[in-house]
Each structure stands twice: as structure tokens, then as C-alpha cells.
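Below is one structure; the comments refer to it alone.
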Amino acid sequence: MSAADPMTPAALPEGFAGIAEDFLALGGRDRLQLLLEFSQGLPELPERYAEHPELLEPVPECQSPIFLVTEVEGQGREATARLFFSAPPEAPTTRGFASILAEALDGRSVGEVLETPDTVTGELGLAEVVSPLRLNGMSGMLARIKRQLAEKAGL
Amino acid sequence: MTIAADPSPSLQDYAHPEKLVTTQWLADRLAAGETEGLVVVESDEDVLLYETGHIPGAVKIDWHLDLNDPVTRDYVDGEGFAKLMDASGITRETTVVLYGDKSNWWAAYALWVFELFGHPDVRLLDGGRAAWEAEGREMTTSDEGRPAPTSGYPAITREDAPLRAFREDVLDFLGGPLIDVRSPQEYSGERTHMPDYPQEGTVRGGHIPTARSVPWARAAADDGRFKPRTELESIYREELGFDTATPTIVYCRIGERSAHTWFVLTHLLGFESVRNYDGSWTEWGNGVRLPIAQGAEPGEVPAR
């Protein structure tokens with residue numbers, strides 16, 4: 001895999017490529033609007049988690065409270081990854097990050113998610129509009145998603 | 001001062017009541033269209049919150065994107081600030097009312113930066129965004145009423161010394177009135193280290209030796225407004241035994257929560273000299289040979 005070679009940046013994974021294209025096509029203020037649309041589109045938690053918030057893992061890299069949980073359908077790298085997030089409406093940036101990850105990764109194979117380069121969060125054109133510091137929150141979510149999935153898929 | 005201070009009785013006990021406005025005062029002015037010489041500025045932790053809806057006519061200033069210079073690891077310079085003011089429709093004569101999320105943490109931080117540039121009239125909306133929303137007051141996503149850009153804000157040389165402490169200042173200050181406004185867990189040092197997890201990262205947990213622990217939120221009431229002066233006096237004057245005439249330094253993790261406490265001490269209690277150490281724990285906790293203390297006690301001044 002060329003992903004290990006820092007001289008040739010790997011193409012963005014399929015789930016992220018379209019999202020990155022959409023963001024990069026827009027100027028600053030419109031890019032924020034798109035992130036806002038993502039935040040508004042974050043799916044609600046299914047009932048089994050909404051009633052049991054203790055099952056979700058907190059993400060302290062985000063300044064605002066966000067919790068996430070993953071599920072796998074099957075075993076190993078071919079298993080299907082499912083992602084669920086919870087973040088309050090007063091944290092729209094964090095909700096936006098979660099919603100991007102959900103759109104890009106939910107329903108893909110565990111192997112695909114684990115192969116997602118950690119640098120992907122920096123390639124969506126968001127650093128300039130939300131600041132690199134805030135973007136750390138999305139990296140934190142991605143790292144936790146990968147760790148949970150690897151454990152749950154028995155990898 | 002361009003616009004008369006809010007005369008609300010609830011503010012008059014504070015040392016400098018003109019530094020606060022009530023939600024009612026602001027709502028009345030907006031409703032009456034009396035916005036000449038007034039610019040309302042939202043400054044939040046969450047950079048998208050303004051886009052979800054804001055006080056009509058408010059402009060947004062983001063601490064990270066607008067007030068910081070990422071290259072020098074410092075605030076913007078006089079020219080940068082002037083450019084930001086021009087774009088925000090703020091002249092040197094404008095009355096600026098700041099509000100934001102998180103009980104006005106970031107708004108207080110922005111206000112502190114405005115004061116570094118000596119902006120003559122800058123005030124906080126007591127209770128911030130949460131109080132405005134809780135009272136069901138008007139919010140909008142429209143740009144209508146937003147001030148047109150202005151020009152000619154002077155390039156002011158920032159005057160850091162009276163309001164801002166640097167690590168050398170703090171090192172010489174150990175044993176003096178120093179307040180750590182972070183959570184008790186950050187103060188004791190039990191929080192910051194989490195194996196296997198990415199984080200912003202401070203190498204060591206703990207606090208600056210001799211700093212007293214007063215989490216910032218103790219100055220805020222449940223509704224996000226500042227507590228009445230008598231309650232604030234009982235914390236900072238009686239409990240800590242701090243004196244308004246003695247220079248005082250406050251810090252937190254990056255200087256934002258401590259800006260809230262800086263505002264309380266300076267403008268609500270009338271402390272004569274309070275400096276915010278904005279390098280705070282992200283600098284001190286990582287600083288080579290800087291002494292720290294761990295646990296719940298302030299600790300001693302280390303021998304030098």
C-alpha cells in the first residue's frame with residue numbers, strides 16, 4: 001500500500017472523497033454553512049442507546065460533549081461497521097464532525113474503516129474555517145471509532 | 001463612553017457596572033432601533049453556533065480564527081486588530097457588547113483582548129447567549145441589521161503589560177495571589193494523561209506552586225449570569241483572603257476560563273491589577289524546569 005509512503009499522498013477513501021470535493025468547492029462562509037447542514041443531519045440515536053447513554057464513549061478531545069458507540073455486524077475485516085453519535089444542539093461543530101464521519105464510514109466494512117488514514121480529517125478543507133485546534137476533535141473521534149471497531153470485530 | 005450605561009439595579013452593586021448590560025437593556029435598544037454607535041459581537045467556543053442563529057445584527061468574532069496569530073503564537077497585532085474592527089463595523093467610538101456560549105467564557109476572553117488594544121467601551125451581556133435564548137428572545141440567521149464595514153480603526157500598539165502575564169512574570173510571582181481556575185481534577189493533576197488516546201497534550205498534570213484553586217464557574221450563577229457582588233466577595237476576598245490593591249494573576253489551560261475570572265476580579269470586584277496568564281497550563285505544564293505542585297494543596301514556593 002502506498003499509504004505508508006509519505007511522499008505520495010494516498011487518494012482519499014471513497015467515503016470521504018465526495019465530501020472533501022463538496023467542501024473544497026466552497027469559499028469560507030459557505031463551507032461553514034455546509035458543515036452546519038451536516039450538523040443538522042446527524043442521525044438521532046436509536047432507542048437502545050438513547051435510553052442508555054452509559055453505553056457510549058466520551059470523546060474528550062472535543063471541547064464540547066460528544067459520545068459515540070460502534071457496532072459490528074459479523075466478524076473480522078469483512079464485518080459491517082455501524083456508528084452512532086450523541087452531541088447536543090449547542091455543539092454544532094462537533095455534531096458536524098460526527099455527521100461527516102457517519103456519512104463517510106457508517107455501513108462500510110470494518111477493514112475499510114481501519115484503513116482510513118488518520119490524516120483524512122485534515123483534508124476536507126475545514127482547518128481554515130474551524131481552526132486546526134478544533135479539528136483535533138474529529139481526529140479523536142476517528143481514533144476511538146477505529147479502536148472500538150477493531151476490538152469488537154475481534155481484530 | 002458613547003452610549004449611556006445600563007442603569008439596571010441588578011448591576012449597580014458591582015465595582016464597574018458599566019462593563020455589563022442586561023438582556024432586557026439590549027433587547028429594548030434593538031427593539032427601539034437605537035443601535036447607532038452600538039455593535040453586538042458574538043464570540044463562542046463553538047465556531048458554528050453563530051450560524052445556527054444569533055442576536056439580530058450581531059457580528060461574529062472567533063477567538064481562534066480572528067484574534068490569534070497562529071505564526072507568532074500571539075494575538076493579532078495592531079494592524080490585524082484594526083482590520084478585524086473595520087470588517088466588523090467597529091470604530092474606536094463604538095460601544096461593543098460581547099456575548100457568547102459557556103457563560104461568556106469566550107466573550108470574556110475576547111473582551112480581554114479588546115482591552116489589550118485599549119478599546120474604550122466594551123461590555124459583556126450578562127448571562128450571554130444562554131440567558132438570551134432561555135428568555136425566548138429573538139434569534140436570527142439573517143445578516144439583516146449587521147453593521148456595514150467601516151474604515152480607519154487606528155493601528156493601536158497592544159499594551160500587554162498591565163493585563164497579561166508571561167511565564168517569567170509568573171515565575172517571579174510564586175507565593176503571590178495566584179488563582180488556578182481549572183477543574184479540581186486538572187488542579188490536582190489527576191486529569192491530563194490518558195494512555196493510548198490522542199489529546200492536546202500537556203506533559204505534566206498539576207498546578208503552578210502556591211496557586212489557589214477556584215474553578216471559574218464558582219463566579220457564575222446557574223443561569224450563566226455573574227453572581228451578586230456579595231457572593232463574589234465571599235469567595236475571592238474572604239475565602240481566599242485576596243486584597244483588591246494587591247496585584248493578582250489568574251490562569252487556566254489556555255487563558256479563556258481565566259479571562260472570565262479576570263473579568264470578575266477586575267470589573268465586578270474592582271481589583272486594581274489583575275493579569276491573565278494566557279500561556280496557562282499548556283505552556284507551564286510543558287515548560288522545561290518550570291516547577292509544579294500536585295495534589296489538592298497549593299504547595300510551597302520552590303527554592304531557586
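Values computed for the structure shown
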item: Hey, B:S8 within 14 Å of chain A (Cβ to nearest Cβ), closer than 27 Å to B:E272 by Cα and modelled with pLDDT of 95 or more or not; result: no
item: Some residue of the range B:247-263 being in a loop (DSSP other than H, G, I, E, B), surrounded by 13 or more Cβ atoms within 10 Å (Cβ to Cβ) and among the acidic types (D, E); result: yes
item: A:T121 at negative phi and touching a residue at least 40 places away in the same chain (Cβ under 8 Å); result: no
item: Residue count for the range B:191-214, restricted to those that are open to solvent by 30 Å² or more (accessible area, probe 1.4 Å) and either modelled with pLDDT of 85 or more or away from chain A (no Cβ under 14 Å) (or both); result: 4
item: Top-ranked residue of the range A:80-111 - restricted to ones that are surrounded by fewer than 21 Cβ atoms within 10 Å (Cβ to Cβ) and out of contact with any strand residue (DSSP E or B) (no Cβ under 8 Å at 6 or more places or on another chain), ranked as farthest from B:E45 (Cα to Cα); result: A:G111
item: Restricting the range A:113-151 to residues that are away from chain B (no Cβ under 12 Å) and within 20 Å of A:R29 (Cα to Cα), the residue that is most open to solvent (accessible area, probe 1.4 Å); result: A:E123
item: Qualifying residue in the range A:69-79 (condition: farther than 26 Å from A:F23 by Cα, buried (at least 21 other Cβ atoms within 10 Å of the Cβ), at pLDDT 95 or above and more than 15 Å from the chain's Cα centre (by Cα)); result: yes
item: Residue match in the range B:236-244 (condition: open to solvent by less than 10 Å² (accessible area, probe 1.4 Å) and touching a residue at least 12 places away in the same chain (Cβ under 8 Å)); result: yes
item: Residue count, the range A:28-56 (criterion: more than 14 Å from chain B (Cβ to nearest Cβ), of a type outside the set (A, V, I, L, M) and out of contact with any Phe, Trp or Tyr (no Cβ under 7 Å at 6 or more places or on another chain)); result: 7
item: Residue match in the range B:121-135 (condition: more than 24 Å from B:I254 (Cβ to Cβ) and aromatic (F, W, Y)); result: yes
item: Tally, over the range B:103-141, of residues that are out of contact with any strand residue (DSSP E or B) (no Cβ under 8 Å at 6 or more places or on another chain), without any contact (Cβ under 8 Å) to a residue 60 or more places away in the chain and more than 14 Å from B:Q24 (Cα to Cα); result: 2
item: Selected residue (criterion: farthest from B:T95 (Cα to Cα)) from residues of the range B:34-54 that are within 13 Å of chain A (Cβ to nearest Cβ) and without any contact (Cβ under 8 Å) to a residue 12 or more places away in the chain; result: B:L48
item: Which numbered condition B:L84 fails, given (1) closer than 21 Å to B:S280 by Cβ; (2) at pLDDT 95 or above; result: (1)
item: Answer residue from the range B:169-188, given it is at pLDDT 95 or above, among the acidic types (D, E) and under 22 Å from the mean Cα position of the chain (by Cα) and is farthest from B:T261 (Cα to Cα) among those; result: B:D169
item: Residue in the range B:160-173 that is closer than 28 Å to B:L48 by Cβ and in contact with a strand residue (DSSP E or B) (Cβ under 9 Å, 6 or more places away or on another chain) present; result: no
item: Which numbered condition B:G57 misses (of (1) touching a residue at least 12 places away in the same chain (Cβ under 8 Å); (2) not in a loop (DSSP other than H, G, I, E, B)); result: (2)
item: Residue within the range B:286-301 that is assigned to a helix (DSSP H, G or I) and surrounded by 15 or more Cβ atoms within 10 Å (Cβ to Cβ) present; result: no
item: All positions within the range A:57-112 that are in contact with an Asp or Glu (Cβ under 8 Å, 6 or more places away or on another chain), facing chain B (nearest Cβ under 10 Å) and not in a helix (DSSP H, G or I); result: A:E61, A:Q63, A:S64, A:E90, A:A91
item: Residue within the range B:117-126 that is at pLDDT 95 or above, more than 28 Å from B:D222 (Cβ to Cβ) and open to solvent by 30 Å² or more (accessible area, probe 1.4 Å) present; result: yes
item: Which listed residue is out of contact with any Leu (no Cβ under 9 Å at 6 or more places or on another chain), among the acidic types (D, E) and within 22 Å of B:L124 (Cβ to Cβ), from B:E231, B:E297; result: B:E231
item: Filter result (touching a residue at least 40 places away in the same chain (Cβ under 8 Å) and either on the phi > 0 side of the Ramachandran plot or open to solvent by 80 Å² or more (accessible area, probe 1.4 Å) (or both)) within the range B:11-32; result: B:D13
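Okay, residues lined up against (1) at pLDDT below 95; (2) among the hydroxyl-bearing types (S, T, Y); (3) in a helix (DSSP H, G or I); (4) more than 19 Å from B:D143 (Cβ to Cβ):
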site: B:T2; (1), (2), (3), (4): yes, yes, no, yes
site: B:L26; (1), (2), (3), (4): no, no, yes, no
site: B:V40; (1), (2), (3), (4): no, no, no, no
site: B:V47; (1), (2), (3), (4): yes, no, no, no
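The values are calculated or read from the model by the stated rules, or taken from the named source; none is laboratory data. It should be emphasised that the depicted structure is a prediction, and the values quoted were computed from it without experimental measurement. Note that we place each Cβ from the backbone using ideal geometry, even for glycine, and neighbour counts take in every protein chain shown. Keep in mind that these areas ignore ligands, DNA and RNA; they rest on the heavy atoms of the full protein, side chains included. Shrake-Rupley method; radii C 1.70, N 1.55, O 1.52, S 1.80 Å.
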